[in-house]
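Undergrad: Provided herewith is a single structure, encoded as structure tokens, for subsequent inquiry.
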Amino acid sequence: MLEILEIDGEKRVACPDAACGFVHWNNPVPVVAVLVEYQGKVLLARNAAWKSGMFSVIAGFLECDETPEECALRELQEELGLTGRIAGYIGHYIFKQKNQLILAFHVQAEGEIKLNAELAEYRLVEPEKLKPWPFGTGPAVDDWLKARGIDAKTG
């Protein structure tokens, strides 16, 4: 039977039997965020499960044997039907509420936008009008804007 034990100074779910050795480390899940630049604007999308008015950059879970860069381009193709190239690495961000480590990339995209069933709609926003949000992928958007000399107020 599993118990809560103190391991490495943290309370963790673990098997008390030393021969078992099981410890639930609760490591964060790697997620790749893709700030899509399309025709000089930033593409934000609304997931079909989200309420109206909620938009974000594209994001997806890193697959086994896939680099973060490959994931970024795969998500771009799967969710938007676009091709692109990695223009740069924005940074990494802890999203504690969802126990995720976000790896954010800037991708320049081209092609015709074709939303998959996961997305309900999209918006193209001029970088100067983009307002980052204070959680999840929002800090990556803020860092991308600041790197371009745009000091947007967090919305």
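Read-outs throughout are calculated quantities, based only on the coordinates presented, and are distinct from any laboratory measurement. Predicted, not measured: the structure shown is a model, and the values here were computed from it. With ideal geometry, Cβ positions are generated from the backbone for all residues, glycine too; neighbour counts draw on all protein chains shown.
Undergrad: Quick check: the angle from helix 68-80's long axis to the longest principal axis of the chain, C-alpha only, nearest 10 degrees?
TA: In the chain, helix 68-80 runs at an angle near 60 degrees to the longest axis.
Undergrad: Scan around Ala59 for amide H atoms under 5 Å from its own, H built in the peptide plane at 1.01 Å from N, and keep only partners 5 or more places away or cross-chain.
TA: Val34
Undergrad: Under 23 Å Cα to Cα from Lys129, which lysines show up? Leave out anything in the same chain fewer than 8 places away.
TA: Lys41, Lys51, Lys146, Lys153
Undergrad: Which angle from 0 to 90°, rounded to the nearest 10, does the C-alpha axis of helix 138-147 make with the longest principal axis of the chain?
TA: Tilt of helix 138-147: around 50 degrees.
Undergrad: Provide the net charge surrounding Asn27, with neighbours chosen by a C-beta distance below 14 Å and charges set as Lys +1, Arg +1, Asp -1, Glu -1.
TA: Combined, the nearby Lys, Arg, Asp and Glu give +1.
Undergrad: Would you calculate the separation in nanometres between label points at Arg85 and Ala49, each defined as 7 Å from the Cα along the Cα-to-beta-carbon direction?
TA: 3.5 nm
Undergrad: From the backbone phi of the stretch 116-132, what are the Karplus-calculated ³J(HN,Hα) couplings (6.51 cos²θ - 1.76 cosθ + 1.60, θ = phi - 60°) in whole Hz, Gly and Pro given as x?
TA: Once rounded to whole Hz, the list reads 7, 5, 6, 10, 8, 6, 9, 9, 10, 10, 5, x, 5, 9, 6, 10, x.
Undergrad: Over the chain, with a Gaussian network built from C-alpha contacts below 10 Å, which listed residue (Ala117, Ala140, Ala33) shows the highest mean-square fluctuation?
TA: Ala117
Undergrad: If you stretched the chain out fully between Cys15 and Asp151, how much longer would it get, using 0.36 nm times the residue separation minus the C-alpha to C-alpha distance? Spell out each step's value before the answer.
TA: On the way: separation 136, 0.36 × 136 = 48.96 nm, distance 4.96 nm.
This chain segment gains 44.0 nm when fully extended.
Undergrad: Top mean-square fluctuation among Lys129, Lys51, Lys41, Gaussian network model of the chain, C-alpha springs under 10 Å?
TA: Most flexible of the set in this elastic network: Lys51.
Undergrad: Now for a different question. So for the chain: antiparallel DSSP bridges make up what percent, rounded to the nearest 5?
TA: Values: 32 of 42 bridges.
Antiparallel bridges make up about 75 percent of those DSSP assigns within the chain.
Undergrad: Using the 10 angstrom Cβ neighbour count as an exposure proxy, how do Leu101, Leu35 rank, fewest first? Each step should come with its number before you reach the end.
TA: On the way: Leu101 15, Leu35 26.
Result, fewest neighbours first: Leu101, Leu35.
Undergrad: Go ahead and set up a Gaussian network model of the chain, Cα springs under 10 Å, then flag whichever of Asp142, Asp65, Asp17 fluctuates most.
TA: Asp17
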